[in-house]
Every structure is written in C-alpha cells, then in structure tokens.
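Below is the structure I would like to discuss, written out as structure tokens.
None of the figures in this text is laboratory data; all of them are computed from the coordinates on show. All figures in this text were calculated on a predicted structure; none of them were measured in a lab. For neighbour counting, all protein chains shown are included, and Cβ atoms are generated from backbone atoms with ideal geometry for every residue, glycine included.
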Amino acid sequence: MYYAVLSDVHANLEALEAVLRDADKRKIEDILFLGDAVGYGPDPNECVELLERRCKILIAGNHDWGVTGLTDLNYFNEYARYALEWTMRVITDAHRKLLRSLPAAKEGKDDDMLLVHSTPREPEKWHYILTLRDAEMNFDYFDNTFCFLGHSHQPFIIEKVPSGELLEYTETARIKKSSRYIINAGSVGQPRDGDARASYIVIGNSEVEIVRIPYNIEAVQEKMRKEYLPYPLIERLSTGR
Ligand code: ZN
C-alpha cells in the first residue's frame with residue numbers, strides 16, 4: 001500500500017503539477033482523487049485532463065457536480081457561483097460529461113478504504129467535518145479502516161483507537177492495525193488552513209503524512225486576473241485562507 005491522496009484541486013494547474021512532481025519523486029504510482037477538480041481557478045480543462053490521466057480513482061466534489069447541473073448553483077456563495085458560471089462557459093463537453101459520471105463516494109476494496117468528498121454519513125449532501133465531534137459521529141457511517149475526504153480545505157488525521165478515544169495529528173501519524181482513521185487531504189489548489197502551500201496525503205504501510213508543497217502562486221493569480229475571476233478568490237491563494 002503506497003498512495004498519494006489529492007483533493008480540491010479547483011482548476012489550479014500550477015499547484016497540481018507541483019504535487020504530482022513530488023509524488024513522482026517519491027515513486028508513488030497510485031494516486032487517488034477526492035473531488036473538486038474545478039471551480040475557483042483558471043485551468044479547469046487542463047486539470048480534469050491531467051487528473052483523469054494520472055489518478056487510479058476519481059470521485060466528484062460539489063463544484064464538479066455544480067458545473068454539470070447535478071448540484072444547484074444556489075448552494076454556492078456569490079464568488080464560487082461566479083467562478084462556476086465562468087467554468088461552465090469554458091469547459092469542454094467531454095470534460096463536463098466525465099465530471100457528471102463521477103460518483104460522490106467509492107470504496108477501494110483492496111486496501112479497505114472509503115473515499116468521499118464531504119462526509120461518509122451523507123456523501124452527496126456536502127456537509128463538513130470541522131470538529132472532533134463531527135468526526136466521532138461519522139466514524140459510525142463506514143466500516144473500512146480508512147476514510148479519506150476533503151471539502152473543508154483543511155488537512156487533518158484523526159485516529160479512533162479501539163477504546164473509542166479520538167487522537168488528532170497535524171503532520172504525520174503511525175498507522176496502527178487496531179485503529180480506524182478519518183483523513184482529510186486538505187486542498188491542492190486552494191488551502192484554507194493559513195498555509196498557502198498545496199496540501200496532499202502520502203500513505204504507506206506504516207505511516208500517513210500530510211505533505212505541503214510550494215508552487216508558483218503568482219502565475220495562477222495572473223491567469224485569474226486575465227479571466228476577471230473574483231478578486232477575493234485571487235487574494236486568498238496568497239494567504240491560504
Ligand atoms: Zn473544494
């Protein structure tokens with residue numbers, strides 16, 4: 001078992017390429033994607049194409065379904081909605097069709113894992129896991145050893161030990177056979193935990209790690225300005241908020 005787990009690329013090609021370069025350096029072949037290929041950023045087609053080419057499993061996020069009409073645009077705030085309407089104008093039919101075909105949850109049977117974008121409890125409702133209490137409740141809605149998710153753009157590793165106690169890690173954790181885990185991969189293309197670097201997860205047989213990768217933020221911001229994407233979406237990439 002040796003995986004890279006990516007989420008929330010949000011049409012940020014520079015960040016996606018930087019993360020894939022790092023995964024390649026580590027010789028990771030199996031890449032899993034947890035949804036939100038598009039929305040916010042300036043390169044939806046390039047990101048969908050690259051993710052489709054490189055990832056073993058892809059699932060959908062709320063922005064992916066927003067672009068295809070499966071999630072109502074009224075669900076989104078005004079900046080997200082504006083960027084999605086822009087995305088709908090530029091995305092190719094083939095890519096829209098591909099996004100429409102992606103499920104909101106998928107099990108990786110070989111390695112005892114569940115992949116969702118939002119929560120195992122209701123993957124298609126786009127709720128968030130923001131607190132240990134949210135996580136505690138969600139452990140009852142899957143029976144795999146690992147649940148990987150994204151959506152909040154804030155990475156974490158939460159371990160449930162056999163006694164039921166929850167432990168939280170912010171960088172790395174050793175994997176114990178008797179424990180179960182909810183792991184948030186953070187966001188490749190729009191981190192919101194105060195660290196502007198791209199975030200993704202590397203998981204091997206005995207350890208899981210939250211990896212942070214710097215990328216050319218200014219190049220992405222310049223493309224966003226050219227497309228007149230909303231200023232707050234451009235600015236937040238610099239602060240990781
Ligand atoms: Zn997202």
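Do you know the relative contact order of the chain, to the nearest whole percent, from alpha carbon pairs under 8 angstrom that are 6+ apart? Working shown, then result.
Working: 551 pairs, mean separation 55.9, N = 241.
Once normalised by length, the contact order is 23 percent.
Can you tell which of R180, R96, R26 shows the greatest fluctuation in a Gaussian network model of the chain with Cα springs below 10 Å?
Its mean-square fluctuation being the largest, the pick is R26.
Give, in nm to one decimal, the length gained when the segment between R133 and N205 is fully stretched (0.36 nm per residue of separation minus the Cα-Cα distance). Please report the intermediate quantities before stating the final value.
Values: separation 72, 0.36 × 72 = 25.92 nm, distance 2.75 nm.
Between R133 and N205, full extension yields 23.2 nm more.
Local charge sum around M113 (other residues, Cβ-Cβ under 13 Å, Lys/Arg +1, Asp/Glu -1)?
In short, -2.
Ordered by residue, what ³J(HN,Hα) values in Hz, to whole numbers, does the stretch 50-65 give under the Karplus form 6.51 cos²θ - 1.76 cosθ + 1.60, where θ = phi - 60° and Gly and Pro are x?
5, 5, 4, 6, 9, 9, 6, 10, 10, 10, 9, x, 4, 5, 4, 6
What does the stretch 76-131 give for Rg and for Dmax, in Å, if only its C-alpha atoms count?
Radius of gyration, then largest Cα-Cα span, for the stretch 76-131: 14.6, 41 Å.
What list of ³J(HN,Hα) couplings, whole Hz, do you get for the stretch 10-25 from phi and the Karplus terms 6.51, -1.76, 1.60, once you set θ to phi - 60° and write x for glycine and proline?
The phi angles translate into 6, 6, 9, 5, 4, 5, 4, 5, 5, 5, 5, 4, 5, 5, 5, 4 Hz.
Same structure again: For R21 and E168 in the same chain, what is the full-extension length gain: residue separation times 0.36 nm, less their Cα-Cα distance, in nm? Intermediate results must be reported in sequence, preceding the final value.
On the way: separation 147, 0.36 × 147 = 52.92 nm, distance 2.82 nm.
Fully extending the segment from R21 to E168 adds 50.1 nm.
Within 10 Å of each residue's Cβ, count the other Cβ atoms and sort Y228, Y40 from fewest upward. Before the final figure, lay out the partial values.
Numbers: Y228 9, Y40 29.
Ranking Y228, Y40 by Cβ neighbours within 10 Å, fewest first, gives Y228, Y40.
Per DSSP helix of 4 or more residues, -39500 (n - 2.57); summed, then divided by the residues of the chain. What does that give at 222 nm, rounded to the nearest 500? Numbers along the way, then the final one.
Details: 8 runs with 79 residues, N = 241.
It comes out at -9500 deg cm²/dmol, rounded to the nearest 500.
A further question on this structure: Neighbour counts of other C-beta atoms within 10 Å: give me D134, D112 arranged from fewest to most.
Numbers: D134 16, D112 13.
Starting with the residue having the fewest Cβ neighbours, the order is D112, D134.
Using θ = phi - 60° and the Karplus curve 6.51 cos²θ - 1.76 cosθ + 1.60, what whole-Hz ³J(HN,Hα) does each residue of the stretch 149-154 get, with Gly and Pro shown as x?
For the stretch 149-154, the Karplus-derived couplings read 8, x, 6, 7, 6, 10 Hz, x marking Gly and Pro.
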